[in-house]
Structures are given as structure tokens and as C-alpha cells.
Amino acid sequence: MQPQYLDAITSVLGPVSKYYGIDGGHWPPKAMVTIEKGNVTYVVTLGVSLVPQPKVEQYTETPERLRRFELAFACETHWLAKNESQLLAYISGQTSLPWSYLTFLAQGHTIPCQEISQVNNLFTSILLAKPENAPAIPFPLVAGDPVNVLWMIPITSREQQFAESNGSEQLFSKSKGGRANEWIFNGEPKFLAD
């Protein structure tokens, strides 16, 4: 599957700058790539979707739509450079979260992220999203299931609390300055003014 995953990524984002094995020598084989495009660095995982997430069928009647995911993160390169190794390690670590905690990741979920707060202390969490205008990476079906690309959008503690109280969809409706590049981290809150 690796060539198919890489083709899907590079067909949309361009050539890979760096390739990292992130599976620690264990199955499933997982990797993460970085792609530099202009002043933005993209980070995308591949191989995570080979294994279906646990417990999805307990929360939806269509588990096949949520079982499989890959993570994507886009950041202005100068922001990434401030804490690159820790942020890349964080993204890699989240690929095991569903199996470590017997849960699942899907659009609208938030997860804490100390590594982003070390880049800019306004931000404390990551919102997982499928923004309409984000690059659509055409991953192949896995065992007949679609692969969800979950974009990791850094959010402030205020935005995280708002999402927790009102739902992530309501947070999305508060998008500042249009939704054209809401998935690209640029050091500014995307939804609520702080």
C-alpha cells in the first residue's frame, strides 16, 4: 500500500521532503512525510488506516465511514521550525491513540497538545477536522472503507472550551476571516478572538 499512499499524497501536495518510519518496527507499518510547499510545511501520516479503529460501531450505524484515518498537519514553516522534532513526535504519537485508549478519532474531536503551546502559548489543543477547502488527499479504500484525512488544527483553550460546551460544528461556524486556509497554522486563532 505504501506506493499508493505516497502517490495519493504527492499527487496533491507535491514531492516529499522527508520520510519517517513511525511504527517502531511493529505492525502496522506506519510512516509520516513532510512536504514543503512555499512557506507551508505539510505533515501527513500513512499506514495508520490499515487497522480499523476500535469502538466505532458503538457510536454510529455506519462504522465503515469512520473506521480508518490518516492525520495531516499544515503549518507555516517558520512556526514549525520553533519546535519541529517535538511536534513531529506528537503527531506520530497520536497515530496510536485509538488503540492505546480503546477509543476512536473523528472529525470534531479535540486532543490536548503541549507541544503546540511551546510554539505559541495561546494554543493548548488540537481540533481534528475535515475542512472543505483543505487539500483532498485521495487515499485508496482499505478493505472497502474510505480513509478519513483528519487535519490537525491548533486551537486555544477558549476555543477548546467552546467546542466542548457547544460542539465543534458551532466552533467552525465562528471561523474568522473566512475558511480558505483555516487548516494552516499561522500562530493566529482560527475561530474565536482571544
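The values are calculated or read from the model by the stated rules, or taken from the named source; none is laboratory data. All of these numbers come straight from a predicted model, not from anything done at the bench. Cβ placement follows ideal geometry from the backbone for every residue including glycine, while neighbour counts extend to all protein chains displayed. Only protein heavy atoms, including side chains, enter the accessible area calculation; ligands, DNA and RNA are left aside. Shrake-Rupley method; radii C 1.70, N 1.55, O 1.52, S 1.80 Å.
Okay, here's what the table says:
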quantity	calculated
Label-zone membership for the range 139-154, site Thr62, 7 angstrom Cα→C-beta point, backbone N under 20 Å	139-151
Loop-exposed GluC sites (Glu not before Pro) per DSSP, neighbour cap 15 Cβ within 10 angstrom, longest uninterrupted part of the chain	62-131
Environment charge of Leu50, counting only residues whose C-beta is closer than 14 Å and scoring Lys/Arg +1, Asp/Glu -1	0
Dimensionless Rg ratio for the chain, taking C-alpha atoms and the 2.2 N^0.38 Å reference	0.97
Charge dipole (debye, nearest 20) of the chain; +1 at Cβ of Lys and Arg, -1 at Cβ of Asp and Glu	80 debye
Filter on Lys37/Lys82; Lys82/Lys174; Lys55/Lys174; Lys37/Lys174; Lys82/Lys190 - keep pairs with C-alpha separation over 24 Å	Lys82/Lys174; Lys55/Lys174; Lys37/Lys174
Mean Cα-pair separation over length for the chain, i.e. relative contact order, pairs under 8 Å, 6 or more apart, %	20 percent
Å² per residue, accessible surface of the range 16-116 at 1.4 Å	48 Å²
